1. Spelling out what I want: for every residue of the range 77-82, take phi, set θ = phi - 60°, compute 6.51 cos²θ - 1.76 cosθ + 1.60 (Karplus), and round to whole Hz; glycine and proline get x.
2. Which lysines, if any, have their Cα less than 28 Å from the Cα of LYS30, not counting same-chain residues under 8 positions apart?
3. Taking 0.36 nm per residue of separation and subtracting the Cα-Cα distance, what length does fully extending ASP14 through VAL54 add?
4. Could you tell me what percent of the accessible area of the range 79-128 is made up of carbon and sulfur, with a 1.4 Å probe and every protein chain present?
5. Can you tell me the Rg and the Dmax, both Å, for the Cα atoms in the range 1-151?
Amino acid sequence: MDYNAYEILGLSADATRDEIDARYKELREKYQRDRFLPGEEGEEASEKLQQVEVAYRDILSSMDESEQKETFVEDDSYVAIQDLITAGKLDEAQTKLDERVSRDAEWHYIQSILFYKRNWFLESKKQLELACQMEPGNVRYKQSLDKLTKILASNTISPDQLRTTSRPMDDGPRVGAGNGTCTGSSCTDCLLCNACCNCMSCMGSGC
């Protein structure tokens, strides 16, 4: 951030997520109400509302990127991919990830981070949900999913970014590859889930 977003919200840089959310809600409600006041007062409130929205969005983005760097697991088999993501080499990281034969819960977690970095938020959420289904007791996956779900519900992401974005499928029927769905199509997934009753068991069997 090239400006002090925390200062715009009237908070210190060490404010907690709950404090940030509460302050954002308070200011948003105030300026949404005051912007209908006549004259300069209303215009100033409209401008303040826009500043608050941008500051809140940027703070969440900064916090999330920092947390993602801290939550990588010390798994030697994923170190190279983690390093590429940290370096911003997303295409190379995706290629390395696609080359892996195993599609375990950590694979889906790393894929969720790659999708998030590309602003493919719904696809990122899908991958986190798969990771949580495969390892329901993993606190790290659950916390990441809870945070992303909260961000998606905060109205700080534009509708264009909320659209599901599919990336090209790889050559061959690879388990868990493609756009994060079983078949590459959300509609087909629904039919497949109805037929198999359990999408995760379908993925695990490689069909």
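1. 6, 10, 4, 4, 5, 4
2. LYS48, LYS147, LYS150
3. Numbers: separation 40, 0.36 × 40 = 14.40 nm, distance 1.87 nm.
Additional length available on full extension: 12.5 nm.
4. Values: 1010 of 1950 Å².
On the range 79-128, the fraction of accessible area on carbon and sulfur atoms equals 52 percent.
5. Gyration radius and largest Cα-Cα distance of the range 1-151: 18.9, 64 Å.
The values are calculated or read from the model by the stated rules, or taken from the named source; none is laboratory data. What you see is a predicted model; the values in this text were computed from it and never measured. Please note that ligands, DNA and RNA were not included when accessible areas were found on the heavy atoms of the full protein model with its side chains. Shrake-Rupley method; radii C 1.70, N 1.55, O 1.52, S 1.80 Å.
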